[in-house]
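Encoded as structure tokens, the structure appears first; notes follow it.
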Amino acid sequence: MGKKALVTGVTGQDGAYLAALLLSKGYEVHGLVRPSSTKSTERLSAYLDKITLHYGDLSDGGVITRLLQNIQPDEIYNLAAQSHVHISFDMAEYTGNVDGLGVTRLLETIRSLNLIDKVKFYQASTSELFGKTQISPQNENTPFAPCSPYAAAKLYAYWMVRNYRDTYGLFACNGILFNHESPLRGENFVTRKVTQFAADIARGQKKTLALGNLEARRDWGHAEDFVRGMWLMLQADEADDYVLATGQTHTVRYLVETAFKQIDISIDWIGAALDEKGVNSRTGETLIEISKDHFRPAEVDLLRGDSSKARQKLGWEKKYDFETLIKEMVEADLGREITPEETRVNLRAV
Ligand code: NAP
Ligand code: G4F
């Protein structure tokens with residue numbers, strides 16, 4: 001019989017890619033979904049008949065206990081989180097409750113149900129832990145310097161995972177994942193915001209896009225590559241923590257230029273600071289404006305990861321480069337009217 005996996009955050013970007021991967025490997029997949037008055041399972045549309053969904057929330061310990069007791073999973077992938085860094089500044093307490101304490105609720109339930117020797121646990125940790133570090137590239141030994149409520153909550157979770165591994169012997173891994181994107185990326189993250197906008201412009205819609213810090217640098221990879229790394233961590237002989245990253249970093253400014261290149265528009269930048277604009281170099285039309293609303297109270301300036309350990313110990317390799325990722329995202333946004341089909345194709349390719 002195949003293994004049983006419980007995926008929290010199954011309705012999110014990574015949840016959809018991971019569910020597809022696990023199904024392709026013969027797993028019985030269970031997913032935690034939040035009760036909602038609107039449909040939240042859009043990303044899973046191709047797989048709904050193959051996944052068992054359970055209502056729950058990481059802020060509710062009772063439901064977690066009942067679920068683990070009933071499902072008795074072999075592997076738990078904890079992907080659920082309030083995952084938006086900027087929003088975490090306005091929802092610090094909520095973010096701490098879900099992204100931090102939510103992980104402790106899961107770990108404590110595993111312990112109290114005597115599942116320590118049965119279950120393997122993956123925690124969606126993050127490169128945001130490196131925060132204000134001056135060291136680049138960042139690897140598993142780089143000191144953490146979190147600078148947002150999101151990163152602080154994820155750091156607490158990171159250490160709880162290590163504690164349950166060291167103290168109780170739980171097979172538990174932190175995947176310290178750098179930014180990863182896809183056509184299924186949430187619309188309020190910068191890559192998707194830009195690729196959706198480029199698609200709108202290609203369709204002839206006249207408008208401008210407001211962005212924040214164009215100089216921030218991120219190590220952007222593809223979610224499909226990264227969920228494979230999550231699975232590999234739980235198949236290793238020993239539990240450990242791993243960085244997954246592409247090793248390349250680009251500015252938000254370069255992201256904009258790359259997305260517009262896909263629709264044959266080149267961008268000229270004129271002005272400075274809040275008055276800077278990105279204009280269509282052929283027509284002079286203003287496409288990008290800067291808004292202080294999109295700057296964060298504290299910014300992570302530069303992320304670039306070194307995933308040598310994952311390459312050596314897990315045999316993990318990325319398949320996508322940045323340009324291919326952005327091309328796929330723009331093309332998917334151009335064909336949004338066929339989204340479910342696109343999604344199915346993309347997910348089946350995992
Ligand atoms: P995402 O698209 O924002 O998905 C987050 C998921 O968590 C959604 O399914 C969401 O449910 C669920 N969720 C939110 N609050 C919850 C709660 N209180 N209880 C239960 N579920 C809740 O995020 P993602 O990009 O797939 O990322 C997956 C995980 O990896 C997150 O933990 C994120 O912090 C972490 N991470 C992401 C990246 C990245 O670049 N993508 C990098 C490093 C780490 P709804 O659909 O109902 O909102
Ligand atoms: O796309 P972002 O919102 O992603 P961010 O903050 O790097 O967080 C993502 O990656 C983390 C891993 O490092 C995850 F843990 C986290 O869950 C999430 O998936 O912003 C990327 C950069 C930032 O520097 C931001 O200031 O883009 C800059 N940016 C500039 N203008 C913008 C915008 N970000 C957003 N969301 N919207 C803008 O208009």
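Just so it is clear, none of the values below were taken in a lab; they were calculated from the coordinates. On a predicted model such as this, the values are computed, not experimentally measured, just so you know. Heads up, the Cβs are rebuilt from the backbone with ideal geometry, glycines too, and the neighbour counts pull from every protein chain shown.
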Item to check | Pair list, Cβ under 8 Å, 6 or more apart: the stretch 185-207 residue within 10 Å of ligand 2 (Cβ to nearest atom), other residue among the small types (G, A, S) and in a loop (DSSP other than H, G, I, E, B) | outcome: G186/G12; G186/S83; R192/G186
Checklist outcome for this item: For the stretch 118-135 the number of residues that are in a loop (DSSP other than H, G, I, E, B), more than 20 Å from the chain's Cα centre (by Cα) and surrounded by 16 or more Cβ atoms within 10 Å (Cβ to Cβ) is 2
Checklist outcome for this item: Taking the stretch 191-210 and keeping residues surrounded by fewer than 23 Cβ atoms within 10 Å (Cβ to Cβ) and under 20 Å from the mean Cα position of the chain (by Cα) leaves R192, K193, Q196
Item to check | Filter result (assigned to a loop (DSSP other than H, G, I, E, B), surrounded by fewer than 19 Cβ atoms within 10 Å (Cβ to Cβ) and among the polar types (S, T, N, Q)) within the stretch 1-56 | outcome: S36, S37, T38, S40, T41, S45
Checklist entry - Can you tell me which residues in the stretch 262-307 are over 30 Å from I135 (Cα atoms), within 14 Å of ligand 2 (Cβ to nearest atom) and β-branched (V, I, T)? => result I288
Next on the checklist: Return the residues of the stretch 57-93 that are closer than 20 Å to L21 by Cα, within 11 Å of ligand 1 (Cβ to nearest atom) and either polar (S, T, N, Q) or in a helix (DSSP H, G or I) (or both); say none if nothing qualifies.
Outcome noted: N78
Next on the checklist: Conditions first: (1) buried (at least 20 other Cβ atoms within 10 Å of the Cβ); (2) touching a helix residue (DSSP H, G or I) at 6+ places or on another chain (Cβ under 7 Å). T104 passes all but one, so which condition is the exception?
Outcome noted: (1)
